[in-house]
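The values are calculated or read from the model by the stated rules, or taken from the named source; none is laboratory data. From a predicted model like this one, the values you see are computed outputs, not experimental measurements. With ideal geometry, Cβ positions are generated from the backbone for all residues, glycine too; neighbour counts draw on all protein chains shown. To get the accessible areas, we keep the full protein, side chains included, count just its heavy atoms, and leave off ligands, DNA and RNA. Shrake-Rupley method; radii C 1.70, N 1.55, O 1.52, S 1.80 Å.
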Amino acid sequence: MKPFRYFLSSLAVLVMTACGGDGGDSEPSTAIPSTPVAATETTPEPAVQAPPQLVLDAPSSNLDLAANASFAASNTATFCGYTVPSKFITGVVTSVHDGDTIKIGATNIRLDAIDAPELAQTYGPQSRDKLKSLVEGKSVTVYYTKVDKYGRTVGSVFTSGCTFANLEQVRSGSAWHYKQYQCEQPASLRAEFSAAQLAAESADLGLWAFVAMPPWEYRNGTDPTPPICTSDNPVWYAPATTPTTTPVSPPAAMPSTGTSTTPYTPVAGCKKIWVNSYTRRDGTKVRGHYRTIC
C-alpha cells in the first residue's frame with residue numbers, strides 16, 4: 001500500500017512542476033488581463049490643401065503691348081476692299097477657343113479690334129459657336145502687325161470668300177468693338193466697327209439681348225476710357241519710302257599741309273550705285289542703300 005501512495009505523491013509533484021505550480025523557475029505569465037487595454041493608434045492629420053485658384057478663359061489683359069510683345073511698322077495693303085497691314089499668314093483653322101481666339105496649326109490667333117464674352121460669361125459659348133461657323137475647318141488669311149505678350153498673333157481674319165470674321169462677330173452681336181485698341185485701325189474701319197456694334201445693340205442681336213458686361217471689365221474690374229486717335233492712319237502705319245537719286249560728286253581736294261605740292265587726285269573708276277530693298281532667304285529684309293563700286 002505504501003509503494004502505491006508514494007507513486008501517487010510523486011505523480012502529483014510531477015504534474016505541479018509541469019504546470020508551474022511549484023516555486024521553481026517558470027516562464028512569465030502570458031494570460032490576457034481581465035480588463036482590456038485600448039489600442040493606441042496615431043491618426044494622421046489631413047494634408048493641407050491649397051485653396052482653389054480661379055482659372056480664367058483668357059489672359060487678364062487680352063491685347064496689351066507689353067515689353068515682351070512685338071509690334072512692327074508696316075505698309076498698308078487692300079484685301080477684300082479693306083485696308084490691312086501688308087504682313088499676312090494663310091492656313092486652315094484647326095480649332096476655335098472662344099469668340100475671338102482661333103488656332104491655325106500651332107499658331108494661336110487673336111482677332112484684333114474685338115473682344116468677345118469669356119466662356120464663363122453670358123453668351124460666351126454662343127459667341128464661340130458663331131466664330132466656329134465662320135472659320136473652323138476653312139482656309140483663312142490673317143493680316144497682322146503684332147504678336148502679343150502671350151505669344152498670340154493679333155490680326156484681321158478673312159475667309160477665302162472675303163468674310164471678315166472680326167467685323168462679322170460685331171455685326172452679329174457676338175463681340176464688342178474693342179475701342180481700347182481702335183487706334184490700331186484705319187479711321188474707315190473704326191467707323192465701320194462702331195456702326196456695326198451700334199446696329200447690333202439697337203436690334204438686340206446676340207449678347208445685346210441680355211444684360212451685357214464687357215469682357216475687359218469682367219476680367220479686370222475696370223472700364224477704362226478709350227484713347228483718342230490723333231491720325232486717320234493706324235498706329236502701325238509706315239509709308240513706303242521712294243529712294244531719291246543723289247548725284248555723285250568727286251571728293252574735295254585735300255587741304256595742303258605744307259609738306260607736299262602734289263594735288264589730291266580722286267581714285268579713278270569708282271562710283272556709287274543704288275541698291276533696292278530686298279528680302280534675304282532667311283526672311284530678313286534689307287533696306288535700299290548706296291554701294292560704292294570701284
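Residues checked against (1) out of contact with any strand residue (DSSP E or B) (no Cβ under 8 Å at 6 or more places or on another chain); (2) of a type in the set (A, V, I, L, M, F, W, C):
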| site | (1), (2) |
| --- | --- |
| Thr78 | no, no |
| Ser86 | no, no |
| Gly105 | no, no |
| Leu111 | no, yes |
| Asp129 | yes, no |
| Thr141 | no, no |
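Selection over segment 219-230 of residues that are open to solvent by 60 Å² or more (accessible area, probe 1.4 Å) and part of a helix (DSSP H, G or I) gives a count of 1.
Please go through segment 187-215 and pick out each residue that is modelled with pLDDT under 95 and open to solvent by less than 70 Å² (accessible area, probe 1.4 Å). Of everything in segment 187-215, just one residue is modelled with pLDDT under 95 and open to solvent by less than 70 Å² (accessible area, probe 1.4 Å), namely Ala212.
From the list Asn75, Asn68, Asn108, the one residue that fits, being modelled with pLDDT under 95 and under 19 Å from the mean Cα position of the chain (by Cα), is Asn68. Those residues that are open to solvent by 40 Å² or more (accessible area, probe 1.4 Å) and aliphatic (A, V, I, L, M), I need them from segment 73-95; list them, please. Within segment 73-95, Ala73, Ile89, Val92 qualify. Are any of the residues in segment 240-252 open to solvent by 70 Å² or more (accessible area, probe 1.4 Å) and at pLDDT 95 or above? Within segment 240-252, none of the residues are open to solvent by 70 Å² or more (accessible area, probe 1.4 Å) and at pLDDT 95 or above.
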